[in-house]
1. Would you mind calculating the relative contact order of the chain from Cα pairs under 8 angstrom and at least 6 residues apart, reporting the percent as a whole number?
2. Total Lys pairs in the chain closer than 18 Å by alpha-carbon, pairs eight or more apart in sequence or interchain only?
3. So, with +1 on the Cβ of K and R and -1 on the Cβ of D and E, and no other charges, what is the size of the charge dipole of segment 2-103 about its Cα centre, to the nearest 20 debye?
4. I need the Kirkwood Rh of the chain: take the reciprocal of the average 1/r across all distinct C-alpha pairs and report it in angstrom.
5. In the chain, if the dipole is taken from +1 on Lys/Arg beta carbons and -1 on Asp/Glu beta carbons about the Cα centre, which of VAL98, ILE43, THR17 is farthest to the positive end?
6. Give me a comma-separated list of calculated 3J(HN,Hα) values for segment 78-85, in order, Karplus coefficients 6.51, -1.76, 1.60 applied at θ = phi - 60°, integers in Hz, x for any Gly or Pro.
7. If we sort 22-29, 139-146 on the protection proxy, mean other Cβ atoms within 10 Å, highest first, what's the order?
8. Which of VAL102, VAL152, VAL21 moves the most in a Gaussian network model of the chain with Cα springs under 10 Å?
Amino acid sequence: MKSDKRRAEILSFIGNTDNPVPASVLKDKFGVSRQVIVQDVAILRANGYAITSTNRGYLLNTKPQAARVFKCRHSFEEIVDEGLLIIGAGGKVEDIFVNHRVYGRITARLDLHNKTHVEELYRSLVSGASKPLMSVTDGYHYHTVSADSESVLDEIENLLRERGFLIEI
């Protein structure tokens, strides 16, 4: 298969799913090395396609999205509640960040857009391998949340406020 055709098919393949597509899946599908897939994605990006790399694979950002930053505070045990509240209302938790007094802003990409992702994150944290980022700021943290519209973000903001998670800035 010629490289132009393969790139068009890669775009189509990752554009027709809401879940990240690992490079290993693409290499098997197209019968090329992982490095070829990485190069193809780099070329597609250079040509203006909004392809995001996550720890789970590639995503094609096709929809214009609204985004908002929410400052929150809650207990460790409420991490799942917060995530499911946001996702259940139609949002996607892009990241978490804290403003540390010594180190400044510390950010971690989350990419949580379904219940499984939220539960995987919680299982990882509860295993004790690492502490949640919010633990360095006494539970205070920020999330960048994206959604299809500002009205969905308004609803998420109201739900966070009702649960007592939202810190008014």
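Read-outs: derived from the displayed coordinates by stated rules, not from any lab. None of these values were measured; they are calculated from a predicted model. In this analysis, Cβ positions are derived from the backbone assuming ideal geometry, glycine residues included, and neighbour counts consider all displayed protein chains.
1. Normalised by residue count, the contact order of the chain is 25 percent.
2. 7
3. Working: 15 positive and 11 negative charges, 98 e Å.
Here segment 2-103 has a charge dipole of around 480 debye.
4. Numbers: mean 1/r = 0.0570 Å⁻¹.
By the Kirkwood definition, the hydrodynamic radius is 17.6 Å.
5. ILE43
6. 9, 4, 5, 4, 4, x, 5, 4
7. Going from most to least packed, we get 139-146, 22-29.
8. For the chain, modelled as a Gaussian network with Cα springs under 10 Å, the answer is VAL102.
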